[in-house]
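Okay, so here's the structure we're looking at.
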Amino acid sequence: MADVLSVINPATEALIQEVPVDDEAAVAQKFKQAKRAQPEWAALSLAERIKPILRFRELLIERVDVLATLLTSETGKPITQARNEILAVPGRIDFFVENAADVLAPERVYCEPAQALPGMGTLEEVIGYDPLGVIANISAWNYPYFVGGNVFIPALLMGNAVLYKPSEVAALTGGAIADLLHDAGIPKDVFMPVIGSGLTGAALLEQPIDGVFFTGSYATGQKIAVAAAPKLIRTQLELGGKDPAYVCPDANVAVAAAGLADGAFYNNGQSCCAVERIYVHADVYDEFLEAFMKTVKSFKLGDSTDPDTYLGPVSRKPQLDVLADQVADAVAKGAALRWGGERLDRPGWYFAPTVLTEVNHTMTVMQEESFGPVIGIQRVASDEEAVGLMQDTPYGLTAAVYGTDRERAIAILRQLKTGSAYWNCCDRVSPRLPWSGRGHSGLGATLSRAGISTFLQPRAWHLRAG
Ligand code: TXE
């Protein structure tokens, strides 16, 4: 394991900072501290645990400029999108705080009156809820505030201690999140950042943790599941997708084109629920393509620190080759390259926004997660053809249908195995709804009440009055 992580600015390729890495011994020590601190944290009242979380909420807003600048520097995320991400966290905190008491409340599910026999007083059956204990929160870099906060905020509210491993691509932001929580009053040993690459993540899984909540790729998710299996602990995996969208012949084409262009290219396509495949009915194909291209060409690409920039560099250098390979594979198999298609000749890891048409499912661009500013658009002759193609993936995170007929859209979406279904919208997450994937997109759910109760385990209380 290397001693330091080199944090590089994707927009300039300059070294920002070298960050010390937690080795096996440091990880073991952090686990010990968290294990010792957790019972005291769980013994506080919910109101006492809510207080520092609300202070964290305030600090996010107060320090948004500094935090957004840091996030932009290490991931290349355009500054306006970095601010949007941070300023959306308070809404999620509000949902968690408003629902925490209800989720935690014990439920009396049965009560038997006392009988006139010795030792046979009233019998009550009550379901109580205990925290899991010390959990590992292994996180991705693409939305560190969202994907981290979806775990550590409800986990802390429910009385768990959290060992938080930010991605190596967002290590400085991970440290900043930890500082913010500590400044807000979360005890240092109750929330501990664990800094490093996948090797540090693997070392964390060696510890006798009580649950692992992972966000990242399918490939790593499988490794996490294998490492966690013998421990028999709660294991939650929020993984990638190859999310499809279908434009019906009755769609409002202008709305569909603008929405899907944003869904495909926001955060440079580096969203788990980014639109990755578009199917368009032949009746509206030409009109859609024209409107879609117009929107894509209007996106401002450039310096991530400029508030008007919509497209910055990709966050990881190796992804440039993945994208170039997908484009080359598609073109070799007959796709038409309508726009972009290559790395830009400028400093930084910039890939031109890329639109491919005449694509089909023999091409990797329609099969494997692109996770970048590349989209394939395929013409289809019917709803049935669209459904068949949308289903042709091992992933199942989200799917979208654009059209004016609600029943038709819902009938299409019902046939797809996805955790989220969108009608006339896409690339959207709500704190009130469960965020989950089917198939290779993962296990378990964050957000919604299900995403709070997942940090608890039920206990059956059989209480007989003496
Ligand atoms: O993932 P990686 P990335 C998905 C998104 C894409 C991926 C991108 O669709 O597929 O995440 O994130 C650590 N043992 N989602 O590139 O490489 C690693 O250090 C333990 C889904 O970061 O899998 C990092 O902290 N840990 C989503 C984390 O795992 C290990 C929302 C993820 O790394 C490890 C956002 C190991 N052996 C992104 N190897 C959703 N569905 O909600 C690596 N890591």
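The values are calculated or read from the model by the stated rules, or taken from the named source; none is laboratory data. Bear in mind that the values here come from a model prediction, so they are computed numbers and not experimental data. Every residue, glycine as well, gets a Cβ built from its backbone with ideal geometry; the counts of neighbours run over all protein chains shown. We work out accessible area using only protein heavy atoms, side chains counted, and drop any ligands, DNA or RNA first. Shrake-Rupley method; radii C 1.70, N 1.55, O 1.52, S 1.80 Å.
Structure summary
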| item | result |
| --- | --- |
| Computed lengthening from residue 42 to residue 88, 0.36 nm per intervening residue step minus Cα-Cα distance | 13.8 nm |
| Between the stretch 212-245 and the stretch 435-466, the Cα center-to-center distance that results, in Å | 17 |
| The chain: antiparallel DSSP beta bridges as a percent of all, rounded to 5 | 45 |
| Karplus 3J(HN,Hα) series, Hz, for the stretch 448-457 with 6.51 cos²θ - 1.76 cosθ + 1.60 (x for Gly, Pro) | 6, 5, 4, x, 9, 5, 5, 8, 10, 10 |
| Gain on full stretching of the segment that runs from residue 428 to residue 290 - 0.36 nm per residue minus C-alpha separation | 47.3 nm |
| Above-threshold pairs, the threshold being 23 Å between Cα atoms, out of 223/333; 188/223; 35/165; 165/417 | 223/333; 188/223; 165/417 |
| Inter-centroid distance (Cα atoms) of the stretch 14-86 relative to the stretch 132-210, Å | 7 |
| Computed over the chain: relative contact order in percent, which uses C-alpha pairs under 8 Å that are six or more apart | 19 |
| Reciprocal of mean inverse Cα separation for the stretch 16-89 (Kirkwood radius, Å) | 15.3 |
| Unit Cα scatterers, Debye sum, the chain: log10 I(q)/I(0) for q = 0.14 Å⁻¹ | -1.33 |
| Nonlocal amide H pairs with residue 17, under 5 Å, H built at 1.01 Å | 7 |
| The stretch 243-430 - convex hull of the alpha-carbon atoms, volume per residue in Å³ | 112 |
| Per-residue [θ]222 nm for the chain (sum of -39500 (n - 2.57) over DSSP H runs n ≥ 4, rounded to 500) | -13000 deg cm²/dmol |
| Inter-part distance where the stretch 87-103 and the stretch 283-357 are each reduced to a Cα centre, Å | 36 |
| Accessible surface, per residue, of the chain when the full set of protein chains is kept, probe 1.4 Å, Å² | 41 |
| Percent antiparallel among DSSP beta bridges (both partners in the stretch 243-430, rounded to 5) | 15 |
| The chain, accessible surface, carbon-and-sulfur percent (1.4 angstrom probe) | 54 |
| Rounded FRET efficiency, nearest 0.05, which uses the C-beta distance separating residue 225 from residue 391 and R0 of 25 Å | 0.55 |
| C-alpha long axis of helix 218-228 to longest principal axis of the chain, angle in ° | 20 |
